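Read through the structure below, which is laid out as structure tokens, and then see the notes.
The values are calculated or read from the model by the stated rules, or taken from the named source; none is laboratory data. Treat the numbers as computed from the prediction; the structure is a model and nothing was measured. Cβ sites come from the backbone with ideal geometry, for glycine too, and all protein chains shown count toward neighbours.
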């Protein structure tokens, strides 16, 4: 199993540009999520999904959109990038939804810089 | 709303000495508590979790954590530190479908 994969690994955008961060998992996990990591602030939840067709907002959803058309994929879209979105983005997945005791599996991250 | 605090930005310990990384939490109801580790330029890796039962939880790489309900703490411990344990450690609490992380503690183990 490849686990959780993310593309690209690095990205530089100009303010106002749009892009999609890709995330895929091959473990048939129902739950998938996106976090951003900023120095001293740990990881903060952006959006999450409890299954195909179902998404919800996390702690810091503004400026980001998500969709979940398949179990495997959970892309994160930045519609109009801002310098405040410069961060490292992590995708994660876990087993059955509604079981908060399950640990999450994280991807390797995407380092995004917005100029 | 739940929250997690890691009061130390960095912990320094000599190789072979015991280590403790502190974590306190705030959540309504029963907490599901986790420790994750992040090595440079990598994603987070699961270390251990507390769900219920024994207050001392054992995890990967010789780490363990002690759950203390009265002090709302979940400190990470290891009896004998290795240089390879040097990394960024995150405590997290899961409530509902949302995982909330502390700010992280950098562990530096010196030879």
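General remarks:
- All told, residue B:103 meets the bar of being in contact (Cβ under 8 Å) with a residue 60 or more places away in the chain, outside any strand (DSSP E or B) and surrounded by 13 or more Cβ atoms within 10 Å (Cβ to Cβ).
- Top-ranked residue of the stretch B:24-33 - restricted to ones that are surrounded by 20 or more Cβ atoms within 10 Å (Cβ to Cβ) and more than 18 Å from residue B:8 (Cβ to Cβ), ranked as nearest to the other protein chains (Cβ to nearest Cβ): B:32
- The stretch B:41-61 - residue that is assigned to a loop (DSSP other than H, G, I, E, B) and in contact (Cβ under 8 Å) with a residue 12 or more places away in the chain and, of those, farthest from the other protein chains (Cβ to nearest Cβ): B:55
- Residue B:12 being more than 10 Å from chain A (Cβ to nearest Cβ), in a strand (DSSP E or B), modelled with pLDDT of 95 or more and surrounded by fewer than 21 Cβ atoms within 10 Å (Cβ to Cβ): yes
- Here the strands (runs of 3 or more DSSP E) wholly within the stretch A:7-66 that include at least 2 residues being within 11 Å of chain B (Cβ to nearest Cβ) and either within 13 Å of the chain's Cα centre (by Cα) or over 16 Å from residue A:87 (Cα atoms) (or both) are A:31-37, A:43-51, A:54-57.
- Candidate set: the stretch A:67-85, residues that are under 12 Å from the mean Cα position of the chain (by Cα) and buried (at least 19 other Cβ atoms within 10 Å of the Cβ); chosen: the one farthest from the other protein chains (Cβ to nearest Cβ): A:78
- Single unsatisfied condition, residue A:41 versus (1) buried (at least 16 other Cβ atoms within 10 Å of the Cβ); (2) without any contact (Cβ under 8 Å) to a residue 40 or more places away in the chain: (1)
- Qualifying positions in the stretch B:70-93 - under 16 Å from residue B:55 (Cα atoms), in a loop (DSSP other than H, G, I, E, B) and touching a residue at least 12 places away in the same chain (Cβ under 8 Å): B:71, B:72
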